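Reviewing the structure listed below.
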Amino acid sequence: LDPHKVKHYLEQGVKNEAGDAYIIKPVYINEDPKYSPYSPFDHIFAKFGEELPADLYRVYENDDHRSGLFNKYYRMKLIYYILKGPESKGGCDLEVDLLVFRKKIAAFYPLHDGNASADIQERNANMSEMPWDEGLERNLRDYFGEKIALYFVFMGHYSYWLIIPGIIGLIFQIIVFATGNFSSSVLPFYSLLITVWAIVMLEYWKRKEQLKAVDWGMTSFEDTEPDRPEFKGALIRSYIDGEETLYFSPDEFTSRFASSQGVIL
């Protein structure tokens, strides 16, 4: 959601159509950077729907100079789910992978955007662009999606943290060459350093991963992720909220798993 609009609606409140009563009363949130570097109005995500004001949603500026509520990656993702999703949920129920396997269609994949991919390649080849720079990471996320972008975020984090053992390792290597002793007493200390470094690096990565989840709106991804279009099951009423959901029998799963393991072995 647009952080400026979120702040506006929270401070002004939201009234009903008659304008004589609040649906959401005005809320004041302390926004002081000395307490937190993150604004309380940033990284707010909501399900797209008519119940929220239209101007509350963030507008993306695309390469074709047209603005919209979805960037190119999200538009392609929506098209993918429409093609492969079941008809009961408004999809086309096309088993694309099966059509490719039976050679009814030659291939199924999104085409590259020449301008966007060239920009990413140029930034990757730029020696002044560090692997941990946020600009490159943002471009990768908007073009390839969160899954691939998270890989590059980790590689950037890993590359940044390798500076520490790289510098210390160089110093130790110079000591080894200077003394001519390849079993120098400094080597065990370097081994201990790498052990501690690995633990600290991974702990800091966990923090960064959670920050990226908040930044990208992925904190409840597993709860809101739709079923894969290939997922098959019986349509039943949920025992939790009563809504229709696909159910796959554990007995059927065990049977199929045993059969596949038998073939593999």
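Working ranking of peptides 185-191, 148-154 by packing, defined as the average number of other Cβ atoms within 10 Å per residue, highest first, is 148-154, 185-191. Largest GNM mean-square fluctuation across Lys212, Lys72, Lys232, computed for the chain with C-alpha springs under 10 Å, falls on Lys232.
Straight-line cross-link reach from Lys47 at under 17 Å between alpha-carbon atoms covers these lysines, not counting any fewer than eight positions away in the same chain: Lys5, Lys77, Lys89. Peptides 79-85, 199-205 ordered by packing proxy, namely the average of other Cβ atoms within 10 Å per residue, highest first: 79-85, 199-205.
For Lys208, the lysines whose Cα comes closer than 19 Å to its Cα, not counting residues fewer than 8 places off in the same chain, are Lys147.
Phi angles of the range 249-265 translate, via the Karplus equation with coefficients 6.51, -1.76, 1.60 and θ = phi - 60°, into HN-Hα couplings of 4, x, 5, 5, 4, 4, 4, 5, 5, 5, 5, 5, 5, x, 5, 5, 6 Hz per residue; Gly and Pro are given as x.
Largest GNM mean-square fluctuation across Pro37, Pro110, Pro86, computed for the chain with C-alpha springs under 10 Å, falls on Pro37. The fraction of accessible area contributed by carbon and sulfur in the chain is 59 percent, rounded to a whole number (1.4 Å probe; ligands and nucleic acids excluded). Here the spin labels are modelled as points 7 Å beyond Cα on the Cα-Cβ line, and at Asn115 and Glu244 they lie 4.2 nm apart.
Calculated [222 nm] ellipticity per residue, helices only, for the chain: -16000 deg cm²/dmol; basis is -39500 (n - 2.57) per DSSP H run with n ≥ 4, divided by all residues, nearest 500. Amide H contacts of Arg58 (H built 1.01 Å from N, in plane; Pro and chain starts excluded): Asp2 sit under 5 Å, all sequence-distant by 5 or more or on other chains. The range 104-135 and the range 1-70 have their alpha-carbon centroids 31 Å apart. A Förster radius of 45 Å, combined with the Cβ-Cβ distance separating Val176 from Ile264, puts the computed FRET efficiency at roughly 0.40. Solvent-accessible area per residue in the range 154-208 equals 69 Å², computed with a 1.4 angstrom probe and all protein chains kept. Which log10 I(q)/I(0) values does the chain give at q = 0.12 Å⁻¹ under the Debye formula, counting every alpha carbon as one identical point scatterer? Log10 of I(q)/I(0), two decimals: -1.12. Each residue of the range 147-152 was assigned a 3J(HN,Hα) from its phi angle through the Karplus expression (A = 6.51, B = -1.76, C = 1.60, θ = phi - 60°), giving 4, 6, 4, 5, 4, 6 Hz with x at Gly and Pro.
For the pair Met201 and Asp251 in one chain, pulling the backbone fully straight at 0.36 nm per residue adds 13.8 nm over the alpha carbon distance. For the chain, the Cβ-based charge dipole about the Cα centre amounts to some 680 debye (Lys, Arg positive; Asp, Glu negative; other atoms uncharged). Of all chymotrypsin sites (Phe, Trp or Tyr not before Pro) in the range 1-49, which ones are in loop regions per DSSP and have a Cβ with at most 15 other Cβ atoms within 10 Å? Those satisfying the criteria are Tyr28, Tyr35, Tyr38, Phe45, Phe48.
In the elastic network of the chain, a GNM with C-alpha springs shorter than 10 Å, the most mobile of Gly19, Gly91, Gly156 is Gly19. Note on Lys47 and Tyr22: the model spin-label points, each 7 Å out from Cα along the C-beta direction, lie 2.6 nm apart.
The values are calculated or read from the model by the stated rules, or taken from the named source; none is laboratory data. Keep in mind the model is a prediction, meaning the values are calculated, not measured. Positions of Cβ are generated from backbone atoms using ideal geometry, with glycine treated the same way; all protein chains shown enter the neighbour counts. Ligands, DNA and RNA are stripped out before the accessible areas are found, and what is left, the full protein with its side chains, is counted by its heavy atoms. Shrake-Rupley method; radii C 1.70, N 1.55, O 1.52, S 1.80 Å.
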